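Colleague: First the structure, which I've put down as structure tokens, then a few questions once you've had a look.
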Amino acid sequence: MGLLAQAAATVPSGENTNLDDEEHPVPVVSTKEILDRAFADRYGVAAFNILDDLTIDAVLDAAEEERAPVILQTSVKTVRAYGRDRLIAVFRAMASETTVPVALHLDHCPYRDVITECLDSGWNSVLFDAHELDVADNLEQTTAVVAEAHGHGAHVEGEIEGIEGVEDDIGSDDASTLQSLEVAVDFITKTGVDVFAPAIGNAHGQYKSTPKLNHQRVTDLVEATNIPMALHGGTGLSPDQFRDLISRGCAKVNISTAIKESYMRSALEHLKTAEEKNKWDPPTLFAHQRAAVVATAREHIALFGGSGRAW
């Protein structure tokens, strides 16, 4: 029986698996607490999209080594592939061994039923991705999601513009229409979202050319709302871009593509060597992948100023 199955077997069917349940004490804190501290002190918290038990373990180890708070993100695709209960059980088992602040976030989810299921199971926060709706409908539904999440002690990231690029089967390669500052501020104020993801010229996946970002929009939104911003499309930005945007209030910095590339390129490298030597040893493959993901995560945590910020 694999790690996922072993962990899932400890969670009886139908049991409420909320992370705050006294029967399952784990060192997990709210996404809001993690981001509010980062926002106040102007450092960035790395939010890594995890893929399986190996990447969960590697990211948590990187955070431990850097003594940094960290957010683990799950896509809808990952939740569906592994199963909600199995995924939360693996996270719970591994998070119980950490000594740094950690939260679990549902990334880019346009489906209200999946959001409800994840909140019921214990995710700390969700990004309700309703950018394809008109602003009024998005505002109405996001307000309902905020009320639902806050009822669970969880938090909500909102957006009104799509971030260019497809990630885990969600999104579009077409640029979204930008809303005015007034519309964005009205959305944030009326919905009560805890963090906001602005479109500033950023994109998911690999950038085809050097991105030209609207840094001032982050400053304007922060000055008008005083809430943390989330920076999407982090892979491929320069250190100077990261540092400037974080200093303006991007307290949550998403990294997905870099983790996926480390995970798969390290596997490819190891498998080529295994083929050359005709030596097939899966544990060495897993160790090689894990080391690569740890190194990638540590590099980004340090770059964002998160090292040594654990409490």
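The values are calculated or read from the model by the stated rules, or taken from the named source; none is laboratory data. What you see is a predicted model; the values in this text were computed from it and never measured. Using ideal geometry, Cβ is built from the backbone for each residue, glycine included, and neighbour counts are taken over all protein chains shown. Accessible surface areas use protein heavy atoms only, side chains included; no ligands, DNA or RNA. Shrake-Rupley method; radii C 1.70, N 1.55, O 1.52, S 1.80 Å.
Colleague: Mind listing whichever residues of the range 247-271 are more than 26 Å from Val76 (Cβ to Cβ) and touching a residue at least 60 places away in the same chain (Cβ under 8 Å)?
Modeller: Correct list: Ser247, Gly249.
Colleague: Mind checking which residues of the range 230-240 are surrounded by fewer than 16 Cβ atoms within 10 Å (Cβ to Cβ) and without any contact (Cβ under 8 Å) to a residue 40 or more places away in the chain? It would help to see each step written out before you state the result.
Modeller: In the first step, residues of the range 230-240 are kept if they are surrounded by fewer than 16 Cβ atoms within 10 Å (Cβ to Cβ); the result is 238-240.
Ser238, Asp240, listed by residue number.
Colleague: Which pairs turn up if I take residues in the range 273-289 that are surrounded by 11 or more Cβ atoms within 10 Å (Cβ to Cβ) and look for partners that are assigned to a loop (DSSP other than H, G, I, E, B) and of a type outside the set (S, T, N, Q) with beta carbon separation below 9 Å, at least 6 apart in sequence or on another chain?
Modeller: Short answer, once both residue conditions are applied: Thr273/Lys279; Ala274/Trp280; Ala274/Asp281.
Colleague: Are there any pairs, at least 6 apart or on different chains, whose C-beta atoms fall under 8 Å, with the first in the range 184-201 and among the polar types (S, T, N, Q) and the second open to solvent by 10 Å² or more (accessible area, probe 1.4 Å) and assigned to a loop (DSSP other than H, G, I, E, B), and if so, which?
Modeller: Correct list of pairs: empty, since none qualify.
Colleague: I would also like to ask the following. Determine whether Leu54 is more than 20 Å from Trp311 (Cα to Cα), modelled with pLDDT of 95 or more and open to solvent by 10 Å² or more (accessible area, probe 1.4 Å).
Modeller: Working: more than 20 Å from Trp311 (Cα to Cα): yes; modelled with pLDDT of 95 or more: yes; open to solvent by 10 Å² or more (accessible area, probe 1.4 Å): yes.
So Leu54 fits the description; yes.
Colleague: Mind checking which pairs have a first residue in the range 89-115 that is among the aromatic types (Phe, Trp, Tyr) and a second that is open to solvent by less than 10 Å² (accessible area, probe 1.4 Å) and not in a strand (DSSP E or B), Cβ under 8 Å, 6 or more apart or different chains?
Modeller: Listed pairs, sorted by first residue: Phe91/Ile56; Tyr111/Val76.
Colleague: I've got another one for you. Exactly one condition in (1) open to solvent by 60 Å² or more (accessible area, probe 1.4 Å); (2) under 21 Å from Gly151 (Cβ atoms); (3) at pLDDT 95 or above; (4) not hydroxyl-bearing (Ser, Thr, Tyr) is not met by Arg67; state its number.
Modeller: Result: Arg67 fails condition (2) only.
Colleague: Which condition from (1) assigned to a helix (DSSP H, G or I); (2) crowded, with 20+ Cβ neighbours inside 10 Å is the one that Ile227 breaks?
Modeller: Here Ile227 clears every test but (1).
Colleague: Let me ask another. Starting from residues that are in a helix (DSSP H, G or I) and open to solvent by less than 30 Å² (accessible area, probe 1.4 Å), keep the ones in the range 242-257 and report whichever is farthest from Gly44 (Cα to Cα).
Modeller: The initial filter retains those residues of the range 242-257 that are in a helix (DSSP H, G or I), namely 242-248, 257.
Imposing the further condition that a residue be open to solvent by less than 30 Å² (accessible area, probe 1.4 Å) reduces the set to 242, 245-246, 257.
Values: Phe242: 9, Leu245: 9, Ile246: 6, Thr257: 18 Å.
Of everything passing the filter in the range 242-257, Thr257 is farthest from Gly44 (Cα to Cα).
Colleague: Looking at the range 230-241 only, could you name the residues that are out of contact with any strand residue (DSSP E or B) (no Cβ under 6 Å at 6 or more places or on another chain) and not in a loop (DSSP other than H, G, I, E, B)?
Modeller: Correct list: Pro239, Asp240, Gln241.
Colleague: Hey, any hits in the range 16-32 for a residue that's modelled with pLDDT of 50 or more, assigned to a helix (DSSP H, G or I) and touching a Leu at 6+ places or on another chain (Cβ under 9 Å)? Spell out the reasoning first.
Modeller: The initial filter retains those residues of the range 16-32 that are modelled with pLDDT of 50 or more, namely 27-32.
In the following step, the residues that additionally are assigned to a helix (DSSP H, G or I) were identified as 31-32.
Narrowing further to those that are touching a Leu at 6+ places or on another chain (Cβ under 9 Å): 31.
Scanning the range 16-32, I find at least one residue that is modelled with pLDDT of 50 or more, assigned to a helix (DSSP H, G or I) and touching a Leu at 6+ places or on another chain (Cβ under 9 Å), so the answer is yes.
Colleague: Can you find even one residue in the range 80-101 that is within 16 Å of the chain's Cα centre (by Cα) and part of a strand (DSSP E or B)?
Modeller: Checked against the condition, which is being within 16 Å of the chain's Cα centre (by Cα) and part of a strand (DSSP E or B), the range 80-101 yields no hits at all.
Colleague: Would you check which residues across the range 37-60 are polar (S, T, N, Q) and out of contact with any Asp or Glu (no Cβ under 8 Å at 6 or more places or on another chain) and list them? Don't jump to the end; show me each part of the working.
Modeller: Keep residues of the range 37-60 that are polar (S, T, N, Q), which gives 49, 55.
Passing the criteria: only Thr55.
Colleague: Turning to a different aspect of this structure: Of everything in the range 159-209 that's of a type in the set (Phe, Trp, Tyr) and modelled with pLDDT of 95 or more, which residue is farthest from the chain's Cα centre (by Cα)?
Modeller: Phe187
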